[in-house]
Ligand code: DGL
């Protein structure tokens, strides 16, 4: 049993939805989470900037003895995953949040599915490109929905304003006839049921957090580094702290947590 922590990072607090799913499945794992709140949103940043940020964060997580790292951000996964895997080859195993979802979708052979995410994730074309390559019979339509992250962070969820914003995006005719919708952003599980309701519960909403947690568990198991205990210790770091981040972190992790500022950019 390997008691070293697992490292999880995101541009901010959204990745806590994945960290939460991970802890539900693997309560014994010790978690070190890093939210790069000084640089969010990643969804509007260049690929180059996101690669630099992610590289520095992984070095930091390694300094905390992380045995494996999960990139809990779609924007970082889309822009930096391949780069990070080659940069840290032989040093640490890294998993992204996109590959497991692509595998899940490909196995189901849908006729038509949709993807929503940040501008960075959608403009990368990573979901449609990989899915149609592996499952040529599947049509994938995608739309950047950049207002959803600030909407969720400001607490506009399950109310009239958020219903209207969701409807403005998802009424787009490209989504006509989809069988499933991928939530391609780690903030979106918070509004999963609201989106499901928009489609009258007729469209499968693919929330990556559980799929990714299961894939990450398999990865740890296959490397013989899974911690099978049941009471791991969790630590949460952010590159910039405000009371606002402290307050909303609870919504994403579903319990009170203590965010500690660690300015890794100053070193
Ligand atoms: N959580 C990030 C993602 O999954 C979105 C937030 C951001 O743009 O930084 O892409």
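Structure notes:
- Qualifying residue in region 86-98 (condition: at pLDDT 95 or above, within 16 Å of residue 140 (Cα to Cα) and in a helix (DSSP H, G or I)): no
- Just one of the listed residues (204, 221, 173) is at pLDDT 95 or above and in contact with a strand residue (DSSP E or B) (Cβ under 8 Å, 6 or more places away or on another chain), and it is 204.
- So residue 52, is it more than 12 Å from the ligand (Cβ to nearest atom), in contact (Cβ under 8 Å) with a residue 24 or more places away in the chain and surrounded by fewer than 24 Cβ atoms within 10 Å (Cβ to Cβ): no
- Count of residues meeting criterion [part of a loop (DSSP other than H, G, I, E, B) and touching a helix residue (DSSP H, G or I) at 6+ places or on another chain (Cβ under 6 Å)] in region 201-230: 1
- Cβ pairs under 9 Å, 6+ apart, first in region 136-154 and farther than 16 Å from residue 176 by Cα, second part of a loop (DSSP other than H, G, I, E, B) and more than 10 Å from the ligand (Cβ to nearest atom): 137/109; 137/110; 137/111; 150/156; 151/157
- Counted residues, region 123-138 - those being closer than 23 Å to residue 82 by Cα, assigned to a loop (DSSP other than H, G, I, E, B) and either touching a helix residue (DSSP H, G or I) at 6+ places or on another chain (Cβ under 7 Å) or modelled with pLDDT under 95 (or both): 1
Here's the yes/no breakdown for (1) in contact with a helix residue (DSSP H, G or I) (Cβ under 8 Å, 6 or more places away or on another chain); (2) in a loop (DSSP other than H, G, I, E, B); (3) within 12 Å of the ligand (Cβ to nearest atom):
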site	(1), (2), (3)
100	yes, no, no
113	yes, no, no
121	yes, no, yes
164	no, no, no
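The values are calculated or read from the model by the stated rules, or taken from the named source; none is laboratory data. Predicted model only: the values in this text are computed from it and were never measured. Counting neighbours? That spans all protein chains shown, and the Cβs are built from the backbone with ideal geometry, glycine included.
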